[in-house]
Amino acid sequence: MRYRSVLDMVGNTPLVEISELSPKPGVRLYAKLEGQNPTGSVKDRIAKFMIEAAEREGRLQPGQTILEPTSGNTGIALALVGRLKGYPVKVVMPDAVSPERTELLQAFGAEIIYSPGDLGTNGSVALAREVAAQHPDWFMPFQYENPQNPSAHYYTTAPEILADLPEVTHFVAGLGTGGTLTGTGRRLKEERPGVRIIAAAPHPGDQVQGLRSLEEGYIPPVLDESVLDGRIVVDSATSFRVTRELTQRTGIFAGISGGAVVRAAQRLAERIEEGHVVCLLADGGWKYLSSHLWTTDYATIEEDVADKLWW
């Protein structure tokens, strides 16, 4: 296929059957591979939507600086969009994220403002608000409150799933900002009443990169909990194990939250007799190679890897 710009490559990601990981023959599992987006994550969708909407509405002017709190993927996506459209990008990010994320941000020319790692993305949000108040001339898309976050999934992710798998019965995604679950879930339910939307979430205080527990304080306003039909909690060690199993048994090289999503889908499958379950894998495994997750002896994985797989 021929594209005018790399931004035209955002979306239209593959849907791959992974039913070999299903505990029941009547429940078929499918992986939506968001790591196939240009910067390797689902966040390319919302970065493009947020920036282009701001341009249309006159809230973002040529050359204006973009500021955003992030755990990595959204910042990288915005850095790409900013680089191609001529906007300087500054991100506020916890200082405990993987070095690959830092290097990708720097590759696209973004400036990083670090927040304390032990405060998680909540700390990044708080610091970004302070920086924004000091620089009112900067533009903060703010994925946690921007309606274009769920809209990106309403208008792109969900229609892709419906086109590729009209018989979809369940949708499972990680609980991060809530935009993916809200936007995709809302559209799926409109088009296919009866579809169930399930969130994969970590235990409070547990660290699964890309996911958040609602019990930890800040609930992103873009999350519409009424869209959810269930929430399945997955611990970090299980997420690590299933991420490795996903690669070994299906050849899919996904990020850590993908392991949590697949495990949540497996637990869902144990409760139903038949269905077609779509698992959204938010990113690829490339940004986690420094964790040595795929090469470390699993007996020592929690000791050696857990601290490097923060949030």
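Read the figures in this text as sums done on the coordinates, not as results from a lab. Everything numeric here is computed off the predicted structure, so don't read it as measured data. Reconstructed Cβ throughout: ideal geometry from the backbone, glycine too, with neighbour counts over all protein chains shown.
Points worth noting:
- Placing unit charges on the Cβ atoms only, positive for Lys and Arg and negative for Asp and Glu, gives region 43-134 a dipole magnitude near 320 debye about its Cα centre.
- Across region 43-134, the relative contact order, built from alpha-carbon pairs under 8 Å that are at least six residues apart, equals 27 percent.
- With contacts taken as Cα pairs under 8 Å at a separation of at least 6 residues, region 16-59 carries a relative contact order of 23 percent.
- GNM top mover of G179, G259, G251 - the chain, alpha-carbon springs below 10 Å: G251
- Of the residues S5, S115, S239, the one with the fewest other Cβ atoms within 10 Å heads the list, and the complete ranking is S5, S115, S239.
- Taking the chain as a Gaussian network of alpha-carbon nodes connected by springs under 10 Å, the highest mean-square fluctuation of the residues T247, T180, T39 belongs to T247.
- Within the listed set S71, S290, S236, the Gaussian network model of the chain (springs between alpha-carbon atoms below 10 Å) gives the highest mean-square fluctuation for S290.
- Loop-located chymotrypsin sites (Phe, Trp or Tyr not before Pro) in region 1-49 (DSSP state other than H, G, I, E, B) with a sparse environment of at most 15 neighbouring Cβ atoms within 10 Å: Y3.
- Centre separation in Å (Cα based) which lies between region 44-98 and region 157-190: 24
- Rg(Cα)/(2.2 N^0.38 Å) for region 43-134, N = residue count: 1.02
- As a length-normalised measure over Cα pairs under 8 Å and 6 or more apart, the relative contact order of the chain settles at 22 percent.
- Dimensionless Rg/Rh of the chain - Kirkwood Rh, Rg from C-alpha atoms: 0.95
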